[in-house]
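Here is the structure we will look at.
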Amino acid sequence: MIESNIRKLPLKDILVASWQYCLDSWQRTSFFVAVAYFVSAMALFSWKSFFFWPILFLMYILWGMFFRYYLKRKPYFDFKAFFYSLVPSTKIVVLSVAIASVLIVLPIVPLFFNLSPEFNEGYARFLQGDFEQEGMLILLADLVFILLSPLIVYRPFLAWISALAGRSGSLRLAWNKTRGNYKEFLLIAVITNFSVAILRWLILKFGANDYITLVVLAPVMVYFNVLSAKAYEFFFLDVE
């Protein structure tokens, strides 16, 4: 009975529809791309300073207004909706930070099991040697995080959109509505992360700085948010 209620995300159709939306609304899409670039550039410039946090909050407002605009929720800035959206967004951040912290600590856990001194010494050298130099530990952590991201980021992200739309921001509701779609959201995570990584690698290979990189990444951010809005419509249409 539960299986019959599972709705499978038509990923190919959603990807195409998101692209088509960006083309059909290219003027409005371009506006959000420009604003996303400007705010991201300010965040990059103010990194490690006090001003980074207000700019981060400004980015939060930007994307919140984007989703309210996409979903035709006026006014586009609604204090009550933004306030309630802090609940799911905070939970997503806490989940992500908790998982990231575990991944950071996990490699050194064997050192606390009081194994043989020879093992501890060899393992310590292993962590400090070529494994660290080649960045394999970071790569492994990234891969694990991508595998977990459908559960702790992408599916809960729909709860944040729902709260911005003035609906329930329950993470449990988002998980229930999107159950049976782990592979689909994993593919979204893979497509998003690898496309960003490849674009960044190509741009930096030609010696471009981070501000030039943002020129390419800003449209990707807007496209991803359109994709998320399309997914929200698919799963939450029955509560609209």
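The values are calculated or read from the model by the stated rules, or taken from the named source; none is laboratory data. Keep in mind the model is a prediction, meaning the values are calculated, not measured. Reconstructed Cβ throughout: ideal geometry from the backbone, glycine too, with neighbour counts over all protein chains shown. The protein model used for the area step is the full one, side chains on, heavy atoms only, and it has no ligands, DNA or RNA in it. Shrake-Rupley method; radii C 1.70, N 1.55, O 1.52, S 1.80 Å.
Taking the helices alone, the chain has a mean residue ellipticity at 222 nm of -24500 deg cm²/dmol, built from -39,500 (n - 2.57) per DSSP H run of at least 4 residues and averaged over all its residues.
Extents of region 179-240, largest first, come to 48, 23, 9 Å (Cα atoms, principal axes, whole angstrom).
Reported value for the chain: 168 Å³ per residue, from the convex hull of its C-alpha atoms.
In Å, what Kirkwood hydrodynamic radius results for region 22-81 from the alpha-carbon pair distances? It is 12.5 Å. Neighbours of SER85, meaning other residues whose beta-carbon lies under 12 angstrom from its beta-carbon, give a summed charge of +4 when Lys and Arg score +1 and Asp and Glu score -1. Based on alpha-carbon centroids, what's the gap between region 170-224 and region 29-62 in Å, whole number please? If we compute the Cα centre of each part, the gap is 17 Å.
Solvent-accessible surface of region 1-119, taken per residue with a 1.4 Å probe and all protein chains present: 70 Å².
Quantify, in whole percent, the carbon and sulfur part of the accessible surface of the chain (1.4 Å probe; protein heavy atoms only). On the chain, the fraction of accessible area on carbon and sulfur atoms equals 72 percent.
With bins 5 Å wide beginning at 0, the percent of Cα pairs of region 137-240 falling in each bin runs 2, 12, 20, 19, 17, 14, 9, 5, 2, 0.
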